[in-house]
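First up is the structure itself, then whatever we jot down about it.
Throughout, read-outs are computed from the coordinates displayed, never taken from laboratory work. The structure displayed is predicted, hence computed values, not measured ones. Cβ placement follows ideal geometry from the backbone for every residue including glycine, while neighbour counts extend to all protein chains displayed.
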Amino acid sequence: MPVITVDKKDLETLSQIDSKTIIDNVSMIGAEVERLEDDFVDIEFFPNRPDLYSVEGVSRSMKAFLGKKPGLVQYDVAPPQISITVCEDVLKVRPVLGCAVIRGLSFTSSSIKSLMDLQEDLHWALGRARKKVSIGVHDLKGIVPPCTYSTESPDFAFVPLDHAEKMTMANILKNHAKGIKFAHLVCDMERYPIIKDIKQNVLSFPPIINGTLTSVTENTKDLFIDVTGTGKEVYVALNIVAAALAERGGKIEAVTVILPTGEKTNYPNMTPRTHRITLEEIEEHLGFSLKPEEVIACLEKMGHSASILSKNPVSFEISVAAYRADIMHKYDLIEDVAIGYGYANIPSALPKNYTMGKAHPMSRARILSSDAMVGLQFNQVMPFTLTSPKVHFEKMRRSITDDITYVLHPISEDQTMVRTTLLPGLLEILSLNMHRELPQNIFEVGEAVVGGKNKQKIAAASIHHAANFTEISEIVDAYLREMKIDYELKESEDPAFLKGRVADVYVGGKKVGVFGELHPGVITAFELGHAVIGFEADLTELF
């Protein structure tokens, strides 16, 4: 989850609320204070609230929540004075574009940093590391409109940000720090997306780097913002950035985007979305009674506006800000009612039925397994349950099976299926920690989905220069003896492991797991660079 660094003085200036009051209450809207210093505070926010990824967003939200300025904040959008034309060729590579102009800003080093941090956090939260969304921010005085969004060949040259000399687009991908980091997003393209003004000055090479002519400084007064990508997240990101700058006193001005068909659309669209919900639905899901005026007050604390639509039955019409990407249906609004009401204020009640509970046998097995692995000097981790066939099968040298549960509407190519085994996730974690000292011993006790059914599994992996089959054999033996499970070993043909240094584990004549030395092809695929040993077993079968 993103951690936002908030300057205390800046926060107090924007909100006109004491920073201690905000820090004491910010956890109530879904956040956690990570670090508190004299001049700043680090706050971790949930991924579903990208509108809070800036000091401006925190200020706006807390002014509503603490009652200083409750209700919907509506931002006026001035008519467009600038247009940008989208060319046919760019539709094949990065088709979605949204733009805005923000005038009358007064930047400081702190506010520039806040804008840049917001930009990068949105690249992560909405943009999937710039793949779906990338944001360009430019000093308007360096632009001669109208602009064009088109493509150029790899040998087209311009001066990129943080450089003094021209570089070809191909050279930027090979030698510029940002180009190297994000080259994989455009490397398969024959021509690269680019935004230029009427004098052919380069504003942006999305999603890689801006041109140096439009760099933002403390002297910048007016901004031109471009957001490119592949889907509707582009417009959400644009609205969030525009709203944050409006909190700084900027005046939002629309930009006309002209499509190849001649269709013209003005962005940003800051018109609130409207939802309808009944009091009965709210009370049914929250489990306690509320007065209509209490519901309205709770929604206003969360930055919405609400009014009574009908009295019999009681229903509400709710206006939701254009920058609130997390509000997708009525259940999100019901959650906001609960947050506005305060979880601590929800009345407690004893269960109507008397029951006696006890630990589920599988819960006991998970706890015992975790204790055993900790005793063997392994650290517990929690990888993602969503993965991809590339990581799960291709990198593991295993064939794709027919017992996979796929995600119907995946948000990225990296999360298209639910894992069937745990070991690939452990190897991903090891690959992300190659800069740490060795050895690294990690394990997980968690769920996998095989053939549409949940399975409880355990897996462990260890990486160091001397890791070998004997070591992992001893670890598996110690774990199973601790669990008081009799087992036998048989030769295994699992391609993820080195032939001759792998064994299947059988309990009661049934295969329950596998262990051994990982195959060099697997080690190379995960860029690990050292010997790796691992095992995985099905707790459902073991117990």
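DSSP beta bridges confined to the range 361-542 are antiparallel in about 95 percent of cases.
Once the mean of 1/r is taken over each pair of separate Cα atoms and inverted, the range 401-452 shows a Kirkwood hydrodynamic radius of 12.9 Å. Using the Cα gyration tensor of the range 271-332, with a ≥ b ≥ c the square roots of its eigenvalues, what is the shape: rounded (a/c below 1.5), prolate (a/b larger than b/c) or oblate (neither)? Prolate, because a/c is 1.5 or more and a/b exceeds b/c.
What FRET efficiency would be calculated for the residue pair CYS87, VAL407, taking the C-beta separation as r and a Förster radius of 30 Å, to the nearest 0.05? So the FRET efficiency works out to roughly 0.35.
Ranking PRO260, VAL418, LEU66 by how far each Cα lies toward the positive end of the dipole of the chain (charges on Cβ) leaves PRO260 at the top.
With both labels modelled 7 Å from their Cα along Cα-to-Cβ, the ALA183 to SER106 distance reads 4.5 nm.
Taking 0.36 nm per residue of separation and subtracting the Cα-Cα distance, what length does fully extending GLU491 through ARG35 add? All intermediate terms of the calculation are to be shown ahead of the outcome.
Working: separation 456, 0.36 × 456 = 164.16 nm, distance 5.17 nm.
My answer for the length gained is 159.0 nm.
Does the range 77-267 come out rounded, prolate or oblate by the C-alpha gyration tensor, with a ≥ b ≥ c the root eigenvalues, rounded set by a/c under 1.5 and, if not, prolate when a/b is larger than b/c and oblate if not? All intermediate terms of the calculation are to be shown ahead of the outcome.
Numbers: a/c = 1.43, a/b = 1.21, b/c = 1.18.
Since a/c stays below 1.5, the shape of the range 77-267 is classed as rounded.
Think of each Lys and Arg Cβ as +1 and each Asp and Glu Cβ as -1; about the Cα centre, that makes the dipole of the range 408-486 roughly 280 debye. Taking the Cα centre of the chain as origin and assigning +1 to Lys and Arg Cβ atoms and -1 to Asp and Glu Cβ atoms, the resulting dipole is close to 760 debye. Charged side chains reduced to their Cβ positions (Lys and Arg at +1, Asp and Glu at -1) give the range 273-342 a dipole of some 240 debye around its Cα centre. Neighbours of MET189, meaning other residues whose beta-carbon lies under 11 angstrom from its beta-carbon, give a summed charge of -1 when Lys and Arg score +1 and Asp and Glu score -1. Among the trypsin sites (Lys or Arg not before Pro) in the range 354-449, those located in a DSSP loop and surrounded by at most 14 other Cβ atoms within 10 Å of their own Cβ are LYS358, ARG436. Summing +1 for each Lys or Arg and -1 for each Asp or Glu among the other residues whose beta-carbon sits under 14 angstrom from that of THR85 gives -3. Of all DSSP beta bridges confined to the chain, the antiparallel ones make up roughly 90%.
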